[in-house]
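In what follows, a single structure is set out as structure tokens and then discussed.
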Amino acid sequence: MISAGSDTIQELTVEELRAKMGTGMTIEDPEEHMLLSMGPQHPSTHGVLRLFVELDGETVVNLAPDIGFLHTGIEKTMESKTYTKALVLTDRMDYLSPWSNNLAYILAVEKLLGVEATPRAQVIRVILAELSRISSHLVWLGTHALDLAAMSVFLYCFREREYLLDIYEMVGGQRMMVSYFRPGGLWRDLPEEFEPAVRHFLDFFPARIADYEALLKNNPIFLRRTKGIGLISAEDATAWGLTGGNLRGSGVNYDVRKAMPYSGYENYVFDVPLGTDGDVYSRYRVRIGELWQSLRIIEQALNNLPDGPVNIDDRKIVPPPRSELGQSMEAVIHHFKLWTEGFNAPKGFVYQSIESPRGEISCYLRGDGGPKPARVHFRGPSFVNLA
């Protein structure tokens with residue numbers, strides 16, 4: 001990370017940049033090198049950072065990263081909303097994996113309240129979280145391949161992602177910003193067409209993974225640009241606090257679903273894919289393996305999806321069904337108070353971690369006895385991984 005006191009990268013000269021970037025590589029003829037500013041609007045940086053790179057052909061000999069271009073003040077905004085209304089902001093923390101963000105926050109709220117979701121709600125949460133992992137990995141794989149000039153993989157991945165977005169819309173009414181997980185359970189139960197749609201996905205998706213692999217696994221261009229590139233040792237990955245595929249690609253066996261199970265993950269049989277070389281290719285292999293493992297988890301969850309309610313029976317936390325509002329004055333009162341004032345959470349703090357597609361995302365939540373969180377903080381995996 002470049003730190004130049006009050007100076008920014010934009011204010012530094014080329015010579016100052018080179019001095020601050022530093023490298024152990026021998027530069028034979030720096031005058032022949034290209035200096036290139038990538039981002040934050042550059043397609044390969046996806047809006048979150050700016051890279052100032054010095055190139056010798058296609059080899060990067062110097063690099064100055066400038067991080068932090070996507071900051072929206074979400075944590076502070078959540079502290080001005082009730083616990084339930086703050087949920088909508090978690091969708092927008094990572095719009096490629098909103099279900100994971102929802103889950104980390106909702107589990108923290110439930111831990112603070114001292115309640116646990118019903119068995120049916122927990123299994124549904126697992127199914128949707130794993131579908132979200134697949135959807136997120138499809139965007140990663142498609143854009144990863146596109147940045148290496150493999151257009152076909154990008155189109156295929158987004159074709160499958162569209163199918164998943166249709167399922168999200170079927171369940172939560174939105175393709176991306178779902179806000180479906182709620183304190184005490186879910187917004188509503190699954191529609192009848194959900195299970196057939198997911199089982200159809202389980203049927204056709206394995207062949208699609210094989211298609212991606214056929215295009216990339218032994219592709220000489222892909223191999224040259226991923227094998228031996230971006231090496232991270234297991235020791236460095238651990239010391240830097242990496243999580244998710246970036247950590248497991250270096251051979252470190254750590255997955256929150258195994259280490260600190262939540263939502264019943266201890267009841268599912270699945271493996272944790274590990275890399276061996278700690279390079280870009282190893283991380284690619286790990287995430288491909290995670291696609292297969294998510295399919296295993298989803299199938300087990302569907303086969304063991306229990307009947308019963310999807311919300312706890314506590315009208316102080318969960319709004320009454322709409323069908324009761326025309327018949328019960330008490331239901332109207334609960335509904336009115338929950339959507340205007342919210343529920344009061346006890347004083348204290350909790351910390352909840354889950355395994356998102358990016359790695360470990362954690363939510364620190366502190367209550368002061370009122371209807372709004374006194375402090376919300378997220379330990380997002382991407383910032384740590386990127387840094």
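When the Gaussian network model of the chain links Cα atoms closer than 10 Å, the mean-square fluctuations of SER282, SER135, SER233 top out at SER233. What net charge is computed for the residues neighbouring GLU110, neighbours being all others with C-beta under 14 Å from the C-beta of GLU110, Lys and Arg scored +1, Asp and Glu -1? Result for the local shell: +2. If the only charges are +1 at each Lys and Arg Cβ and -1 at each Asp and Glu Cβ, what is the size of the charge dipole of the chain around the Cα centre, to the nearest 20 debye? Dipole size: approximately 1160 debye.
Size descriptors for the stretch 116-303, from the alpha-carbon set: Rg then Dmax equal 17.3, 51 Å. If you model the stretch 306-387 as an ellipsoid using its alpha carbon gyration tensor, with each semi-axis the square root of five times an eigenvalue, the axes come out at 33, 18, 10 Å, biggest first. A Stokes-Einstein calculation at 20 °C with viscosity 1.002 mPa s, built on the Kirkwood radius of the chain over Cα pairs, returns a diffusion coefficient of 94 µm²/s.
Evaluating 6.51 cos²θ - 1.76 cosθ + 1.60 at θ = phi - 60° for every residue in the stretch 283-296, the Karplus couplings come out as 5, 4, 5, 4, 6, 4, x, 5, 4, 5, 5, 5, 4, 4 Hz, glycine and proline recorded as x.
In the chain, the longest principal axis of the Cα atoms and the axis of helix 151-172 are about 20 degrees apart.
Across the options LEU215, HIS144, PRO346, the greatest Cα extent toward the positive end of the charge dipole of the chain (unit charges at beta carbon of Lys, Arg, Asp, Glu) belongs to PRO346. Neighbours of GLY370 by Cβ distance under 13 Å: Lys/Arg scored +1, Asp/Glu scored -1, total +2.
For the stretch 116-303, the residue among TYR168, THR118, VAL286 whose Cα projects farthest onto the positive side of the dipole built from Cβ charges is VAL286.
Scanning residues 5 or more positions from ASN62 or on other chains, those with amide H under 5 Å from its amide H are GLU54, with H placed 1.01 Å from N in the peptide plane.
Sequentially through the stretch 211-216, phi angles give Karplus couplings (6.51, -1.76, 1.60; θ = phi - 60°) of 5, 4, 4, 4, 7, 10 Hz, Gly and Pro residues having no value and appearing as x.
The residues packed around ASP211, meaning those with a beta-carbon under 12 Å from its beta-carbon, carry a net charge of +1 if Lys and Arg are +1 and Asp and Glu are -1. Between the alpha-carbon centres of the stretch 281-296 and the stretch 51-97 there is a gap of 24 Å.
Close Lys pairs in the chain (alpha-carbon distance under 18 Å; sequence gap of 8 or more, or different chains): 19.
Here the stretch 43-103 is treated with +1 on each Lys and Arg Cβ and -1 on each Asp and Glu Cβ, and its dipole about the Cα centre works out to around 500 debye. When the chain is described by a simple charge dipole with +1 on each Lys and Arg Cβ and -1 on each Asp and Glu Cβ, the residue from PRO309, LEU55, PRO206 located farthest towards its positive end is PRO309.
The charge dipole of the stretch 116-303, taken about its Cα centre with unit charges on the Cβ of Lys, Arg, Asp and Glu (plus for the first two, minus for the last two), comes to roughly 340 debye. Backbone phi angles across the stretch 225-242, fed through the Karplus curve with coefficients 6.51, -1.76 and 1.60 (θ = phi - 60°), yield HN-Hα couplings of 9, 10, 6, x, 9, x, 5, 10, 6, 4, 5, 5, 4, 6, 5, 7, x, 5 Hz in residue order; Gly and Pro are listed as x.
Every read-out reported here was derived from the displayed coordinates using simple, explicitly stated rules and does not represent laboratory data. Since the model is a prediction, treat every value here as computed from it, not as a measurement. We place every Cβ from the backbone using ideal geometry, glycine too, and count neighbours over all the protein chains shown.
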